[in-house]
Ligand code: BGC
């Protein structure tokens, strides 16, 4: 077990030991991906990110009700893992804010637990203790000069709304969301200047209503084995309701709060980059279609007032329509784009070639996505099955958005992060000595800097995540944190990447890597007998 004083000793050793003690392994990323804080504008936000269900715990404390995830995990739990305690951030938020302060970040992205603020949605009252909790977080962040970026809904909501009307499948959820958003603007908007309405509606619709892996676990064959659902149609309805909920909350903010509170409001989508599997015209079209069916699906309506023409072409009447009134509300309904980007996959045509069942359906745009070309993975593997290390994808997805939306909206990278491949009997020291994570961030940041140099209006970058946490359907297996969290004691320990990030923010990114990362990559293994 890693104790705090021991872990600090470990880092002192790491930082003080002369690199000469170790043989130097040349990191492949050292020269080509050097990147410094000064490569980004002074006003740029560098932060870390979390979300309520993934870190808070305290799942039934102080008036909070059961959320969709609480109920889902208690019913069909993932290896007995759930967010009942998670990182106990509810009780340890002050320590966590200290950690951020020590990193030197100027922003923090977190989400508000809907079930903590409105345990019964719009069918009940505001829970003052819930409001107090987020007030304490916001006030303490501001005291440290850390800008709060607040996600209103990050996958979790009161189970009451699922039970009453089927949550996002029903237009009633739009009303509930607007009520929740209004409660947030009223309670926190005097201090919160960056609002993100909904986290990754596109990924949520897919995971919960195509694959059935997130609550309420709806799907149909051949996409998965669920007791209810229709994978071909439901995700389209769900995303439609989410986009309208976003647009209506944005209108409310603009009409009643923005002038006085002086903030901005946007949305964040999940976006992989997609490369054609082969050089054929068909695969190139498949890659473009996949981008349209994944990313533009959620963003085109907010910019142009309707879904991508490609989607309308293939989905016909299964794709919902916006009424003229709705079109007015939705068009232009975002002040910025949020982008969560981790990885790139290949796309292959399924219109003319045979594909695995499911991918050859309209809902997937008749395109199959895969991580391998001729048996070779697209990048290094990580702890997530579909996440591979492809740093150039960051630049490409930003250029895609820049071109499709004419660079008219500022963009924030609200999540980017790495979890190491999961190994049996992994030693804590190996997790702490996370050289691969440093290489990942350095390389992705370097491509981000290039996109900015080429004119993309990107204004912030958030590391997912501040600390290891509950990774939805994957439980606690994937570890994305800059800080290690001991699952027994819940003690936080900075990983090497936390020290790198701190050094990077002091504009010493490359020299830190030269002095410590390379030394530790090669030498520390031998030295891991150092007792912690
Ligand atoms: C989500 C996070 C998640 C991360 C890593 C994003 O899709 O917003 O909640 O932990 O990816 O998988």
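Observations on the structure shown:
- The number of residues in segment 235-280 being crowded, with 24+ Cβ neighbours inside 10 Å, away from the ligand (no atom under 16 Å from the Cβ) and assigned to a loop (DSSP other than H, G, I, E, B) comes to 1.
- Segment 395-409 - residue that is surrounded by fewer than 17 Cβ atoms within 10 Å (Cβ to Cβ) and part of a loop (DSSP other than H, G, I, E, B) and, of those, farthest from the ligand (Cβ to nearest atom): 406
- Some residue of segment 188-200 being in a helix (DSSP H, G or I) and within 18 Å of residue 298 (Cβ to Cβ): no
- So residue 7, is it modelled with pLDDT under 50 and either touching a strand residue (DSSP E or B) at 6+ places or on another chain (Cβ under 7 Å) or part of a loop (DSSP other than H, G, I, E, B) (or both): yes
- Note on segment 37-74: among residues that are within 18 Å of residue 500 (Cβ to Cβ) and either surrounded by 16 or more Cβ atoms within 10 Å (Cβ to Cβ) or at pLDDT below 95 (or both), the one that is nearest to the ligand (Cβ to nearest atom) is 49.
- Test for residue 165: is it within 16 Å of the ligand (Cβ to nearest atom), within 18 Å of residue 242 (Cα to Cα) and either modelled with pLDDT of 95 or more or within 19 Å of the chain's Cα centre (by Cα) (or both): no
- Residue within segment 375-382 that is touching a residue at least 24 places away in the same chain (Cβ under 8 Å) and more than 22 Å from the chain's Cα centre (by Cα) present: no
- Residue satisfying all of: in segment 349-365; touching a residue at least 40 places away in the same chain (Cβ under 8 Å) and surrounded by fewer than 23 Cβ atoms within 10 Å (Cβ to Cβ); farthest from the ligand (Cβ to nearest atom) among these: 352
- Scanning segment 143-155 for residues that are surrounded by 18 or more Cβ atoms within 10 Å (Cβ to Cβ), more than 15 Å from residue 185 (Cα to Cα), within 16 Å of the ligand (Cβ to nearest atom) and at pLDDT 95 or above turns up at least one hit.
- Filter result for residue 389 (on the phi < 0 side of the Ramachandran plot and surrounded by fewer than 19 Cβ atoms within 10 Å (Cβ to Cβ)): no
- Residues that are without any contact (Cβ under 8 Å) to a residue 12 or more places away in the chain and within 16 Å of the ligand (Cβ to nearest atom) are absent from segment 319-328.
- Highlighted here are the helices (runs of 4 or more DSSP H) found entirely within segment 425-508 that include at least 2 residues which are away from the ligand (no atom under 14 Å from the Cβ) and within 21 Å of the chain's Cα centre (by Cα): 435-453, 496-505.
- Filter pass, residue 118 being touching a residue at least 12 places away in the same chain (Cβ under 8 Å) and under 24 Å from residue 266 (Cβ atoms): yes
- Of all residues in segment 75-91 being part of a helix (DSSP H, G or I) and touching a helix residue (DSSP H, G or I) at 6+ places or on another chain (Cβ under 9 Å), the one that is surrounded by the most Cβ atoms within 10 Å (Cβ to Cβ): 89
- In summary, residue 203 fulfils each of the numbered conditions (1) crowded, with 24+ Cβ neighbours inside 10 Å; (2) in a helix (DSSP H, G or I); (3) within 16 Å of the ligand (Cβ to nearest atom) with the single exception of condition (1).
- Listed by first and then second residue, the pairs with beta-carbon distance under 8 Å, at least 6 apart or on different chains, first residue in segment 265-285 and without any contact (Cβ under 8 Å) to a residue 24 or more places away in the chain, second surrounded by fewer than 24 Cβ atoms within 10 Å (Cβ to Cβ) and not in a loop (DSSP other than H, G, I, E, B), are 284/276.
- Inspection of segment 383-392 finds a residue satisfying the criterion of being away from the ligand (no atom under 16 Å from the Cβ) and within 19 Å of the chain's Cα centre (by Cα).
- Taken over segment 450-465, the criterion of being in contact with a helix residue (DSSP H, G or I) (Cβ under 7 Å, 6 or more places away or on another chain) and over 30 Å from residue 422 (Cα atoms) is satisfied by 450, 451, 456, 458.
The values are calculated or read from the model by the stated rules, or taken from the named source; none is laboratory data. All of these numbers come straight from a predicted model, not from anything done at the bench. In this analysis, Cβ positions are derived from the backbone assuming ideal geometry, glycine residues included, and neighbour counts consider all displayed protein chains.
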